[in-house]
Amino acid sequence: MGDPKDFVSSEEHFPSSQLAAALIFLLMSSAPTASFGKNVILFVGDGMGLTTTSAARIHEAQRQKQDWQDNTLSFEELPNVALVRPHTVDAQIPDSAGTMSAIMTGIKTRSGVISVTPKYQRGDCKSVFEDPPETLMEFAKRKGLSTGLVTNSRITDATPAAAYAHSPDRTWENDARTPESALAKGCGDLASQLIAFSEGEGIDLVLGGGRANFLPESESDPERPEITGERLDDRDLILEWLRARSNRTYVWNLEQFNALAPSSEGQILGLFEPATMLFNEERIRGAGDEPSLTEMTTFAINFMQASSDNQPGYFLIIEGARIDHGNHFKNPFLALTETVEFSNAIRAAMELVDLEETLLLVTADHSSSLAFTGYPEADMPVLASLSYPSFTFMAGDGFQQDHMQQEQDDPLAYDPEDQVAPHAGEDVAAYAAGYQSDRIRGTLDQHRLYDIIKSALE
């Protein structure tokens, strides 16, 4: 995967996206917001605060050798914008679990929990059995819609898990990480909950990382045989998922992914890494054997559109998770390049969707403590040099390249969430186009996004 120091700065040239952005803007500006809607695509930039967005906009233009003052990221062209208040009931500065749970259930809850109410403390299984709220993914499947979930983190990480699971603790990704007392009470781990998701015969398309959470410790990973599964219950959840219903396909590498037909009938599960998927900069420099976020997005939308030919519509969630991880590593280059890739994925989506019948919503679960300060001159590279940085992090120590090396050396032992997470408590933005997108305006409590999404699906 290369030396982590290679990812501090780069001046590689990338092709211009200005014409595509202009065409997207013209399309969205004329798109009606009051026609018959049946589809929702929710993009979540994990940790993508306004500072990260602003800096990524400049960085994208500078890498393309363009005037950064005229550049915009794809989602910044969306015509409807709001500020979103992301706090949880027990924290001014939240985490991904509590914030995504608010979007998925319409209920502000505690930090660290997955789609349960705040009645009980974190770790209390009663929260799972005492009327857990229905998630938007469960609602969509109950209505007979096609559904998809895409992330470049582990599919059992907090943000994607909030769509399909109910848990009093975000860290219970497999049975080895779940207390025996909780398992005895039937408080299942997140991987097993994904496999057991039974509403409407399960989620139709799942793409992400986290294979080890689905494999027993007796089984080696197919890509990295030195790594084994993490499950202690001797269950192969991937095999169980395949056997549960006909017309199911599992893929774990790029060749298999590229061989998939978007018009394929049935359901697809893709798990491309034993833990978190690679940073995009690692991938384009030859590491790994997996699709990019843009490639997964393009496939997912084509798959949803083909599936919805026989369904009343679809609900698709796409997470750009590694924006947050770049900020956790205190590595602005990674955070900014992941934001640009997230923008590329949204641009690809805009070229595929019909905004007369689709709500496209882009937001962040929370911000990060990245600070963009000083008086850098207009022609200075936004990343500058380490001797004169424009970026600082207002939490923890400075650059943490050793953390990235730890992730490369042992992806199962290292979790960015275990570090001092440089989150921040300010509002995040929501951007929208298409059906009912004019409801995204002003300042909103984060859980109100649930109502807007649900209304567009009804």
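Here are the numbers for the structure shown:
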| read-out | value |
| --- | --- |
| Matching entry among Leu242, Leu278, Leu237 (being of a type outside the set (Val, Ile, Thr) and within 19 Å of Gly45 (Cα to Cα)) | Leu278 |
| Residue match in segment 276-294 (condition: in a helix (DSSP H, G or I), hydrophobic (A, V, I, L, M, F, W, C) and over 17 Å from the mean Cα position of the chain (by Cα)) | yes |
| Residue match in segment 92-114 (condition: basic (Lys, Arg), touching an Asp or Glu at 6+ places or on another chain (Cβ under 9 Å), without any contact (Cβ under 8 Å) to a residue 60 or more places away in the chain and surrounded by 20 or more Cβ atoms within 10 Å (Cβ to Cβ)) | yes |
| Of all residues in segment 373-393 being among the hydrophobic types (A, V, I, L, M, F, W, C) and at pLDDT below 85, the one that is surrounded by the fewest Cβ atoms within 10 Å (Cβ to Cβ) | Leu386 |
| Residue within segment 322-343 that is within 15 Å of the chain's Cα centre (by Cα) and over 24 Å from His59 (Cα atoms) present | no |
| Residues (under 20 Å from the mean Cα position of the chain (by Cα) and either surrounded by fewer than 19 Cβ atoms within 10 Å (Cβ to Cβ) or of a type in the set (Val, Ile, Thr) (or both)) located in segment 115-124 | Val116 |
| Flag for Gly266 being over 30 Å from Phe139 (Cα atoms), modelled with pLDDT under 95 and either touching a Ser or Thr at 6+ places or on another chain (Cβ under 8 Å) or small (Gly, Ala, Ser) (or both) | no |
| Single condition Ser198 does not satisfy, out of (1) touching a residue at least 24 places away in the same chain (Cβ under 8 Å); (2) within 30 Å of Ser308 (Cβ to Cβ) | (1) |
| Residue that is modelled with the lowest pLDDT [pool: residues in segment 402-455 that are part of a helix (DSSP H, G or I), of a type in the set (S, T, N, Q) and surrounded by fewer than 17 Cβ atoms within 10 Å (Cβ to Cβ)] | Gln405 |
| Hey, Ser127 crowded, with 21+ Cβ neighbours inside 10 Å, in contact with a Pro (Cβ under 7 Å, 6 or more places away or on another chain), at pLDDT 95 or above and closer than 28 Å to Ala345 by Cβ or not | no |
| All positions within segment 140-160 that are surrounded by fewer than 22 Cβ atoms within 10 Å (Cβ to Cβ) and touching a Leu at 6+ places or on another chain (Cβ under 8 Å) | Lys143 |
| Out of Leu205, Leu271, Leu237, Leu215, sole residue that is touching a helix residue (DSSP H, G or I) at 6+ places or on another chain (Cβ under 8 Å) and more than 30 Å from Leu334 (Cα to Cα) | Leu237 |
| Hits in segment 346-372 (condition: in contact with a Ser or Thr (Cβ under 6 Å, 6 or more places away or on another chain), closer than 14 Å to Phe75 by Cα and surrounded by fewer than 24 Cβ atoms within 10 Å (Cβ to Cβ)) | Arg347, Ala348 |
| Qualifying positions in segment 130-151 - closer than 17 Å to Met100 by Cβ and modelled with pLDDT under 95 | Pro132 |
| Total residues in segment 47-61, condition surrounded by fewer than 19 Cβ atoms within 10 Å (Cβ to Cβ) and touching a Phe, Trp or Tyr at 6+ places or on another chain (Cβ under 7 Å) | 1 |
| Among residues of segment 46-72, those that are over 30 Å from Met100 (Cα atoms) and assigned to a helix (DSSP H, G or I), counted | 6 |
| Restricting segment 200-243 to residues that are in a helix (DSSP H, G or I) and basic (Lys, Arg), the residue that is surrounded by the fewest Cβ atoms within 10 Å (Cβ to Cβ) | Arg243 |
| Matching entry among Ser246, Ser308, Ser264 (being of a type in the set (Gly, Ala, Ser), assigned to a helix (DSSP H, G or I) and surrounded by fewer than 21 Cβ atoms within 10 Å (Cβ to Cβ)) | Ser308 |
| Residue satisfying all of: in segment 320-374; among the aliphatic types (A, V, I, L, M) and assigned to a loop (DSSP other than H, G, I, E, B); farthest from Arg85 (Cα to Cα) among these | Leu352 |
| Filter result for Phe75 (in a helix (DSSP H, G or I), crowded, with 23+ Cβ neighbours inside 10 Å and in contact with a helix residue (DSSP H, G or I) (Cβ under 9 Å, 6 or more places away or on another chain)) | yes |
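The values are calculated or read from the model by the stated rules, or taken from the named source; none is laboratory data. Given the structure is predicted, the values throughout are model-derived calculations rather than measurements. Glycine also receives a Cβ, built like all others from the backbone with ideal geometry; neighbour counts cover every protein chain displayed.
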